[in-house]
Amino acid sequence: MPDGADRVMARRAVRVHAERMQPPPVRALRRAALPPGVAQRTADWRWRHWLVCQVLLAHVVALATFALLEDRNGALPALALAAVALGGAWTGARRRVRTLLAGSGLLVCSLVVVDLAGGAGDASLHLLVVVALLGLYADVRLYALAVAGALLQRALLAPLRAVTAGSAAAWGWALLYALLVASECAVLMLVWRVGQQERLAQEQALHAELSEGRTSLQEQLAAADQMRADLIATVSHEFRTPLTGIRGSALTLLKRGDRLDKNGRDRLLHAVLDQQERLSRLLENMLLAARATDADPSATAEVDAVAAEVAMLAGAGRPGAQGVSVVVAPGLTARIDRQALHQVLANLVDNALLHGAAGQTPLVAGGEDERGVWITVSNEGGVIDLTTRERLFEPFTQVSSGATRDREGLGVGLYVVRRLVEVYGGSVEVHSDSGWVTVQVRLSPAGGSARRRPGVRVAQTPVPTTLPTP
């Protein structure tokens, strides 16, 4: 024999199957227009049923006590019926039966109240309160039972009061009272419907936000995966080249070093140092890109001194290069850490030397205007289209990409520039015009910049007219 849980599951399956057999328009209309009743969540139904049973118990005890004290024994059979309904509501197995028993018990108690009050009109208001309480169940069956009880109230009370049903006028008042109860039931259903629509709207909005957030998260994860794949591919390519050069030079020195003259050995050693320097720059840029998150608000740097230092190191590190021209206002100071500014200018100058036209001389210029400190690094080169300019400051991005590109590099130099500048509240952008490519950096001026110090003259060194206006 199946146990109680199996029987409940079997009845639920039969009910679901019966609902599915209904035509879709009928099923949709029923679900949209009628309260859920016993279909509501178990936790919600339990506390509501407990509250109704407590009210019913209080009614039975209070009305029985009053009937005994007032010697109104005619009401005791009805109260006994309400007590039986209360017992079934507490111990019944099926939720639907327990709901109907609790509601029926309260309706019987309401009729007893009217009887004990001698049919007074004020006592009839008790049924309206009971209907409002039964609205907790949101069950249309209880509403129908309440309307029937109001309509047949006079006939149901006649046996209790030992009188006949009365005249047609009495039945007219009973009909009017039933209409009043039906109106209250309709209002309760309307309130439920409005609340249901609001809850559905909130749930839909929440689902939309969750869906949007999930989509955004998936896009971010996809972008992170793509960046990781690009990092692995680019780093593998960029590290393999210098490591191969270092290994080749080291093997040559190891196996044939005694047969090479001094110039040959020096050339191989310089090649090893150059490749090591390249690896160091790659690693330094990668570390700076990862750690460029905090800024020292009190940090300042002298732009002219840093620019001169970068130009000197760039010329010394590239034999045969034409050098770097520096045209920066003396004493120009910006709100940025000196090491960060050095890295910014070093990356920009290195980028200009690497991607500029052969034999050209990059130009580093700087000054201050009403918008703050500006620094430009310019070089002669090809025109860069707008789409490429917008992507240059993204990580692992170059003008020409792929393993067969004609320029080496990891594609993080300009990304590091942007990160360092933005950390200190600045901005960076690229201009391409008239055969010149110019990267312009904007920073906040320091309190001791040349423009702000009285008695310090700013050198007005003209910039070549072929350069874009900063």
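The values are calculated or read from the model by the stated rules, or taken from the named source; none is laboratory data. Computed from a prediction, not measured in an experiment: that's the story for all the values here. Because the Cβ atoms are built from the backbone with ideal geometry, glycine has one as well, and the counts that use them run over all protein chains shown.
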Can you tell me which of (1) outside any helix (DSSP H, G or I); (2) modelled with pLDDT of 90 or more; (3) not aromatic (Phe, Trp, Tyr) is the one PRO35 doesn't meet? (2)
Are any residues in segment 39-67 at pLDDT 90 or above and polar (S, T, N, Q), and if so, which ones? GLN54, THR65
The residue that is nearest to TYR137 (Cα to Cα), considering only those in segment 172-193 that are over 36 Å from the mean Cα position of the chain (by Cα) and among the aromatic types (Phe, Trp, Tyr), is TYR177
For segment 380-387, state whether one or more residues are surrounded by fewer than 16 Cβ atoms within 10 Å (Cβ to Cβ), touching a helix residue (DSSP H, G or I) at 6+ places or on another chain (Cβ under 8 Å) and at pLDDT 70 or above. no
Give me a count of the residues in segment 67-80 that are of a type outside the set (Gly, Ala, Ser) and surrounded by 15 or more Cβ atoms within 10 Å (Cβ to Cβ). 3
Those residues that are without any contact (Cβ under 8 Å) to a residue 24 or more places away in the chain and surrounded by fewer than 15 Cβ atoms within 10 Å (Cβ to Cβ), I need them from segment 85-115; list them, please. GLY87, THR91, VAL97
What is the number of the single condition among (1) in contact with a Lys or Arg (Cβ under 6 Å, 6 or more places away or on another chain); (2) over 25 Å from ARG41 (Cβ atoms); (3) not β-branched (Val, Ile, Thr) that LEU125 does not meet? (1)
Would a scan of segment 126-148 turn up a residue that is outside any helix (DSSP H, G or I) and either more than 56 Å from the chain's Cα centre (by Cα) or farther than 18 Å from SER183 by Cα (or both)? no
Taking segment 320-342 and keeping only residues that are closer than 26 Å to GLY435 by Cα and either in contact with a strand residue (DSSP E or B) (Cβ under 9 Å, 6 or more places away or on another chain) or in a helix (DSSP H, G or I) (or both), one is left with VAL324, SER325, VAL326, VAL327, VAL328, ALA329
Between a first residue in segment 194-222 that is closer than 30 Å to ALA138 by Cβ and a second residue that is in a helix (DSSP H, G or I), which pairs have beta carbons less than 9 Å apart while being 6 or more apart in sequence or on different chains? GLN196/ALA32
